[in-house]
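**Q** The structure is given below, and queries will be raised subsequently.
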Amino acid sequence: MDKCSHCGNDIPLAEARCPHCALPGLFPNVRAAQDAKEVSALEDRYAQALATADSRGCRATAEEFGRTIMTTQAVINRPIGEVQRLANSDNDGYATYYQLGNSGVRIPAGDVWDRRRAATDDLLLPGYKDDIRFAALTLDGEGIWHYGECALVLKDHMIGHRASVFEENSVMFMQHHDIRVFDADTLPQGFRAGWEERQKLCVAKLAGKLMPGSVAPDFSHILLAQGAKPEQDEFVEVHIWGPLTRRTFDRVVIKKGKRRSAATVMLKALREKLREVNVPVEERP
Ligand SMILES: [Zn+2]
């Protein structure tokens, strides 16, 4: 629990504004990542990863990887139809999974992944899951193609203050760490970080995959690797509190091989709409 800087009362972690005086601009995910125990657990993992890299002769590579990670951006992949709606105007926002469900816009499929997602988010994002948009960290602008053929790369300036990073796909994290409902207040720590500390989390997670000769072009695939199935995608998850619009985009990257030819007309319209807000659309082979 933090003290409000304006009225001095306690603010519960899940609140985005002080419940007593309404001071706004608090981001529960960022506060969770800045918790002293989380920070210290991450520092330990980071120091351990650097020491191990040292013993393997790739300390310099790990440090270079960390510096490169500070140039990463958040990326959200969506189908072109949805991106076209977002591109339409400044008044079209990107809603979260739960907002769409609560408003009846989206009917949850009710499959096992929906249930796993809901249970995971209740544990990891207690009380504020409705406001979190999920993204991945990217070095080359390409995101996870399983979620759509358009990679929406977000501007640092628009999200850095309200973003935190998480070790991996959070649903898979629950499985990999064998976390059960009764572990709600003993979750493993050191697996989330504020935006400005993301290099520590990435070095802690990935230094073991670096080789003494690893160079910058290898880093993007060490950071983000497409799996054969969605549950095999490997990435660092980004949690962004609050709304996004086309003004939040830095650029849109579309992979040609992932695009159906029928979408050519849509792509032309998308380019024109995004030109209004100076967001380029890049096509990659
Ligand atoms: Zn207050």
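Only the coordinates and a few stated rules stand behind these numbers; no lab work does. Here the structure is a predicted model, which means the values were calculated and not measured. Ideal geometry is used to build each Cβ from the backbone, glycine not excepted, and the neighbour counts take in all protein chains shown.
**Q** Can you pull the one-decimal nm distance between simple spin-label points at Arg271 and Asp130, each 7 Å off the Cα toward Cβ?
**A** Calculated label separation equals 4.1 nm.
**Q** Additional query: Determine the principal axes of the Cα atoms in region 199-278, then give the extent along each, sorted from largest to smallest and rounded to whole angstroms.
**A** 45, 32, 26
**Q** Okay, next question. Please work out the FRET efficiency for the pair Lys229 and Ala118, using the Cβ-Cβ distance as r and a Förster radius of 22 Å; give the result to the nearest 0.05.
**A** 0.60
**Q** Shifting gears a bit: Pull the list of the chain cysteines that no other Cys approaches to under 4.7 Å, Cβ to Cβ.
**A** Unpaired cysteines in the chain: Cys58, Cys150, Cys202.
**Q** For region 82-97 and region 25-49, what is the separation of their C-alpha centers, rounded to whole Å?
**A** Centre-to-centre (Cα) distance: 32 Å.
**Q** Further, regarding this structure: If you average 1/r across every pair of different Cα atoms in region 165-205 and take the reciprocal, what Kirkwood value do you get, in Å?
**A** Working: mean 1/r = 0.0909 Å⁻¹.
Over region 165-205, the inverse of the mean reciprocal pair distance is 11.0 Å.
**Q** In Å and whole numbers, how far do the C-alpha atoms of region 2-284 stretch along each principal axis, longest first?
**A** Extents along the principal axes: 55, 52, 38 Å.
**Q** Next question. Return a single number: how many Lys pairs in the chain, at a sequence separation of 8 or more or on separate chains, have alpha-carbon atoms below 24 angstrom apart.
**A** Counting lysine pairs in the chain gives 24.
**Q** Sticking with this structure for a sec: Where q = 0.14, 0.21 Å⁻¹, what log10 of I(q)/I(0) comes from the Debye formula for region 1-143, counting one point per Cα?
**A** Calculated log10 I(q)/I(0) at the listed q: -1.01, -1.31.
**Q** Going toward the positive end of the dipole of region 2-284, with +1 on Lys and Arg Cβ and -1 on Asp and Glu Cβ, which of Phe27, Leu86, Leu244 do you reach last?
**A** Positive-end residue among those listed: Leu86.
**Q** Right, next: Relative contact order, percent, of the chain when contacts are C-alpha pairs under 8 Å separated by at least 6 residues?
**A** 28 percent
**Q** Using modelled amide H (1.01 Å from N, peptide plane; none on Pro or chain starts), what sits under 5 Å from the amide H of Gly227, excluding residues fewer than 5 places away?
**A** Answer set, sorted by chain and number: Asp233, Glu234.
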